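Please read the structure below before turning to the comments.
The values are calculated or read from the model by the stated rules, or taken from the named source; none is laboratory data. Quick caveat, the model's predicted, so the values are computed rather than measured. Note that we place each Cβ from the backbone using ideal geometry, even for glycine, and neighbour counts take in every protein chain shown. Heads up: the accessible areas ignore ligands, DNA and RNA and are worked out on the full protein's heavy atoms, side chains in. Shrake-Rupley method; radii C 1.70, N 1.55, O 1.52, S 1.80 Å.
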Amino acid sequence: MSDGRKFFVGGNWKMNGSKESISGIIQVLSNGALSPSTEVVVSPPSLYLDFVRQQMDKKIGVAAQNCYKTDKGAFTGDISPAMIKDVGCKWVILGHSERRWVFGENDQLIGEKVAHALSSGLSVIACVGEKLEEREAGLTEEVVYKQTKAIADNVNSDWSRVVIAYEPVWAIGTGKTASPSQAQEVHDKLRAWLKENVSSSVAETTRIIYGG
């Protein structure tokens, strides 16, 4: 890894947990011997964001699993970057495959969310990844480049608050995982895309992680 990139580990709890079980996780993580060279961020369900942020050791970041593209309004069931910040959290996951393929969020909406989250002062874990049929059809690069472009078009000049998470849809909740070589191949291609389409410095410093 480049000297300019700090290791990043994120834990997305999805729609799981209770105060009892989360309290146990908080205790383990807060008392754990975490490396200062690694940034750790956890992402509980939105209902528990405040609880986790208040209880978790401050060395561990807390992320919302999603947010909308405005500060407030008649958007039943959603939360805003302003609300996330109001409870002390600094991160949000956007573009997760379950938001894309279960809830129908498209590239344009995800890009708009990225823009608003960043302009509001949040850091973003931006997700990209292909479905199994897309990989088998040889479309992995086309799919992840298109998704990444929608994100990149909505990042101004500050990529320091963006982490890209490559999470192949076929490896999420299926029992399958991408091999290290498969994941690294896509990471390398994403970094090359950033170099060609954004800048060499962004390609060198942006953290790209695997999720699955």
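Give the residues of segment 38-88 that are of a type in the set (A, V, I, L, M, F, W, C) and open to solvent by less than 20 Å² (accessible area, probe 1.4 Å), sorted by residue number.
V41, V42, L49, V52, M56, I60, V62, A63, A64, C67, I84
Pick out the one residue from A203, A152, A192 that is surrounded by fewer than 20 Cβ atoms within 10 Å (Cβ to Cβ), touching a Leu at 6+ places or on another chain (Cβ under 8 Å) and among the aliphatic types (A, V, I, L, M).
Residue meeting the stated conditions: A203.
Residues of segment 110-139 being part of a strand (DSSP E or B) and of a type in the set (G, A, S), which ones?
Those that are part of a strand (DSSP E or B) and of a type in the set (G, A, S): S123, A126.
Which condition breaks for E20 when tested against (1) farther than 19 Å from V114 by Cβ; (2) surrounded by 11 or more Cβ atoms within 10 Å (Cβ to Cβ); (3) acidic (D, E)?
Answer for E20: the failing condition is (2).
Give me the pairs, please: first residue somewhere in segment 91-114 and in contact (Cβ under 8 Å) with a residue 12 or more places away in the chain, second residue anywhere and open to solvent by 30 Å² or more (accessible area, probe 1.4 Å) and in a strand (DSSP E or B), beta-carbon distance under 7 Å, and either six or more positions apart or on two chains.
Once the first residue is in contact (Cβ under 8 Å) with a residue 12 or more places away in the chain and sits in segment 91-114, its partners that are open to solvent by 30 Å² or more (accessible area, probe 1.4 Å) and in a strand (DSSP E or B) give I93/N12.
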